[in-house]
Amino acid sequence: IRSLGTGFYEYALNKGDIEPKPLGFMRGVTFDDCIVLLDEAQNATRDEMKMILSRIGKNCKIIVSGDHDQSDITNSGLEDAAKRLEHIQGIEVVRFMDQDIVRSKLCKDIIMAYRN
């Protein structure tokens, strides 16, 4: 929201160009002619991930983001999906490396300390 600006976000929201929806309301939906962003996906279960990814319709892109190190559940659907699907043509899995931690040096040092 910060990079778009609050005014633009509210305009797009009111116009219906952006439609925030919780996972619980996705059953029976087909995503046609859209871009879907599933954020904080590390907390999606395997069944939730399968449900959202099986909604892909024509001219649809789904961007799934999350950090498996910050998962609040065991057996994250995000990691499961990445392992199952990364070899399918049309799917790309991007894994960030330690050098991609840019929040702050202190944050990076803390994350690295917890890895050991």
### Task
First select every other residue whose beta carbon is under 14 angstrom from the beta carbon of Ile101; then total the charges, Lys and Arg +1, Asp and Glu -1.
0
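What length, rounded to one decimal in nm, is gained on full extension from Thr45 through to Asp67, with 0.36 nm per residue of separation minus their alpha-carbon distance?
Working: separation 22, 0.36 × 22 = 7.92 nm, distance 1.38 nm.
Roughly 6.5 nm would be gained on extension.
Round to the nearest 0.05 the FRET efficiency obtained for Lys83 and Glu10 when R0 = 41 Å and r is the Cβ-Cβ distance.
Values: r = 38 Å, r/R0 = 0.94.
About 0.60, to the nearest 0.05.
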#### Entry: Candidates Ile18, Ile88, Ile56: whichever shows maximal mean-square fluctuation once the chain is modelled as a Gaussian network with Cα springs under 10 Å
Ile88
### Task
Using every pair of alpha-carbon atoms in the chain, split the distances into 10 Å bins beginning at 0 and state the percent of pairs per bin, rounded to integers.
11, 35, 34, 18, 2
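Which whole-number value in Å² is the accessible area per residue of the chain, probe 1.4 Å?
On the way: 9330 Å² over 116 residues.
Per-residue value: 80 Å².
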### Query
Lys pairs in the chain, Cα-Cα under 27 Å, at least 8 apart or on separate chains: how many?
12
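Calculate, in nm to one decimal, what Thr74 and Leu23 gain on full extension: separation in residues at 0.36 nm each, minus their alpha carbon distance. Don't skip to the answer; put the middle values down first.
Numbers: separation 51, 0.36 × 51 = 18.36 nm, distance 1.86 nm.
So the chain would gain 16.5 nm between Thr74 and Leu23.
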### Task
Provide the packing ranking of 78-84, 35-41, i.e. peptides ordered by the mean count of other C-beta atoms within 10 Å per residue, highest first.
78-84, 35-41
### Task
Assuming a ≥ b ≥ c are the square roots of the Cα gyration tensor eigenvalues, decide whether the range 70-116 counts as rounded (a/c under 1.5), prolate (otherwise, with a/b larger than b/c) or oblate.
oblate
### Query
How large is the dipole of the chain about the Cα centre if only Lys and Arg carry +1 and Asp and Glu carry -1, each at its Cβ, rounded to the nearest 20 debye?
100 debye
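Taking all protein chains as present, what is the carbon and sulfur share of the accessible area of the range 1-102, in % to the nearest whole number, probe 1.4 Å? Walk me through the numbers before you get to the answer.
Values: 4070 of 7910 Å².
It is 51 percent, rounded to a whole number.
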### Task
May I ask for the angle, rounded to the nearest 10°, between helix 105-115 and the longest principal axis of the chain, with both axes built from Cα atoms and the value confined to 0 to 90°?
80 degrees
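The values are calculated or read from the model by the stated rules, or taken from the named source; none is laboratory data. Keep in mind the model is a prediction, meaning the values are calculated, not measured. Using ideal geometry, Cβ is built from the backbone for each residue, glycine included, and neighbour counts are taken over all protein chains shown. The accessibility values were calculated without ligands, DNA or RNA, using every heavy atom of the protein model including side chains. Shrake-Rupley method; radii C 1.70, N 1.55, O 1.52, S 1.80 Å.
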